[in-house]
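**Student:** I'd like to ask you about the structure that follows.
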Amino acid sequence: MTLQALKIAFSLLTRIPVRLPEELDSRAWGRAVVFYPLVGLVMGGILAGAALAAGALGWNTGMTAVPLLLLWVGLTGAFHLDGLADSADAWLGGYGDRERTLRIMKDPACGPAGAVALILVLLTKWAALGPVLAAGQWPVLVLVPVLARAGVAGLFLALPCAVDEGLVQRAWQQLPRREVDVAVAVSALAALLAGWTGLTLLTVTVLITLAGMRLMKQRLGGFSGDPAGALVETVEAAGLLAVALTL
């Protein structure tokens, strides 16, 4: 079941090709949440490796930020960005109503709020990547995806599922809480071991995750897939920006 859960985690959070078996243990959907930070670690390793390769080739750090951001988006297939856009549209157009908010999030169209949110997050990442790369802070590229996905794992622990069907609801029902606790704790410890930069990233992650949880609880009574994706993108962008401002 562990291998199944690992494959599910990668298939849900990335576009890294994995082959799922035809028959899956129902418990594997919940256990997959345990591996969310590990997925972030693999993504971060790929990003850091690409940054180091670009540096070895003598690429300009400002220009390297562009292909690196494209790789970042490509690894997820813009999956979390879609959640960010849907959430922005729903929060603005939902007028505080839970059912209206959920209905807008199901609409595949991207409205003005969603477009603005996408532009702001991508611009923030691009602008922050330049100083981070120039300072040789490639470990940041590893920690940021790990902590963002640990934050999502925290949603499963802290909030009820706001929807009655779908993959998120299935995972929440089968969640191995103790194992997810350990995964989140290990992610936080890894950040602390990284020194002041790690502490900065961990602080940003905790603050934004807590704020996101409060917003989700107030509006939806829990969490769902789109706000979870929005949390990933917000934590990543804010974390990069916070590090860039301290360099």
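**Student:** Considering only residues that are open to solvent by 10 Å² or more (accessible area, probe 1.4 Å) and part of a helix (DSSP H, G or I), which ones fall in segment 217-227?
**Tutor:** Correct list: K217, Q218, R219, G225, D226.
**Student:** Here is a follow-up. Hey, R15 hits all of (1) under 15 Å from the mean Cα position of the chain (by Cα); (2) among the basic types (K, R); (3) within 22 Å of S187 (Cα to Cα) but one; which does it fall short on?
**Tutor:** (3) is the only condition that R15 fails.
**Student:** Name the residue that is surrounded by the most Cβ atoms within 10 Å (Cβ to Cβ), counting only residues in segment 103-150 that are part of a loop (DSSP other than H, G, I, E, B), of a type outside the set (D, E) and at negative phi.
**Tutor:** Of everything passing the filter in segment 103-150, Q137 is surrounded by the most Cβ atoms within 10 Å (Cβ to Cβ).
**Student:** Restricting attention to segment 56-67, does a residue exist that is in contact with a helix residue (DSSP H, G or I) (Cβ under 8 Å, 6 or more places away or on another chain), within 20 Å of A150 (Cβ to Cβ) and buried (at least 20 other Cβ atoms within 10 Å of the Cβ)?
**Tutor:** Looking for residues that are in contact with a helix residue (DSSP H, G or I) (Cβ under 8 Å, 6 or more places away or on another chain), within 20 Å of A150 (Cβ to Cβ) and buried (at least 20 other Cβ atoms within 10 Å of the Cβ), one finds none in segment 56-67, hence no.
**Student:** Also: When the residues of segment 178-190 are filtered to those that are out of contact with any helix residue (DSSP H, G or I) (no Cβ under 6 Å at 6 or more places or on another chain) and charged (D, E, K, R), which remaining residue is least open to solvent (accessible area, probe 1.4 Å)?
**Tutor:** Ranking the candidates gives D181 first.
**Student:** Checking the condition more than 18 Å from L69 (Cβ to Cβ), free of Cβ contacts under 8 Å to residues at least 12 places away in the same chain and small (G, A, S), which residue from G195, G154, G166 passes?
**Tutor:** None of the others qualify; the one that does is G195.
Residues checked against (1) modelled with pLDDT of 95 or more; (2) touching a Gly at 6+ places or on another chain (Cβ under 9 Å); (3) open to solvent by 70 Å² or more (accessible area, probe 1.4 Å):
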residue: L155; (1), (2), (3): yes, yes, no
residue: V168; (1), (2), (3): no, yes, no
residue: L192; (1), (2), (3): yes, yes, yes
residue: V204; (1), (2), (3): yes, yes, no
residue: T246; (1), (2), (3): no, no, yes
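**Student:** Considering segment 81-102 alone, what residues qualify as being assigned to a helix (DSSP H, G or I) and among the aromatic types (F, W, Y)?
**Tutor:** Within segment 81-102, just W91 meets the criteria.
The values are calculated or read from the model by the stated rules, or taken from the named source; none is laboratory data. Owing to the predicted nature of the structure, the values given are computational and were not obtained by experimental measurement. Note: ideal-geometry Cβ built from the backbone for every residue, glycine included; neighbour counts use all protein chains shown. We work out accessible area using only protein heavy atoms, side chains counted, and drop any ligands, DNA or RNA first. Shrake-Rupley method; radii C 1.70, N 1.55, O 1.52, S 1.80 Å.
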